[in-house]
Amino acid sequence: MIRDDLDFEQIHADFRPKIQRYLIRLVGEPEAEDLTQEVFVKVSRALSNFRGESQLSTWLYRIATNTALDRIDSPSYQRAIQAQLAQDAIGDDEEEIEDQDVWTGEKTPRLETEVMRQEMYACVWNRLEHLPANYRTVLLLSDMEGFANSEVAEILGVSLDAVKIRLHRARARLRKDIEMYCPPAEWVPDE
């Protein structure tokens, strides 16, 4: 059955930013733009076959998830990740320059606090990126994109119980990883 009420241009305008944001969180910014285009090419080809048995957003996110997981599993993506990890390890040895008050030479408290927040944010996202794809995907769909567990189950093509188990395990693992790798810095109050 062909649905006449579905306009690709409107779907693209409404969902492209959301899908791209989701893909950035799932595979990283360098891959997300290409994947977003690939997703919408698939959507344009398959739109006439959409039967409306699920919500349009669920169908779109399922296509995006499957496309991203295919990319994550590809050897070229794995090689790129390994190369990036090696490059990051080299960059860790560089010295950081601290901002100081020009007149007193003291560190700027607000800047220091902001830097600590940014470092914590980066650490949390780093730990999220290190979760297995099935955990990361369920966390992003549920906690970041706001889908109900039943919708996540439909997007991923798994049972509701599997979603609940993965979500529980993903949250527990992320919490443990954050506690281990992202220790809270000494709090510096804003002045």
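The values are calculated or read from the model by the stated rules, or taken from the named source; none is laboratory data. Not measured: the values here are computed from a predicted model. In this analysis, Cβ positions are derived from the backbone assuming ideal geometry, glycine residues included, and neighbour counts consider all displayed protein chains.
For the reader, a short list of remarks on this structure follows.
- The helices (runs of 4 or more DSSP H) found wholly in the stretch 1-92 and carrying at least 2 residues that are at pLDDT 85 or above occupy 8-27, 29-46, 56-73.
- Every test in (1) exposed (fewer than 14 other Cβ atoms within 10 Å of the Cβ); (2) outside any helix (DSSP H, G or I) is passed by Phe147 save one, and that test is (1).
- When the stretch 133-165 is filtered for residues that are of a type outside the set (A, V, I, L, M, F, W, C), over 17 Å from Asn66 (Cα atoms) and at pLDDT 95 or above, the ones remaining, listed by number, are Asn149, Ser150, Asp161, Lys164.
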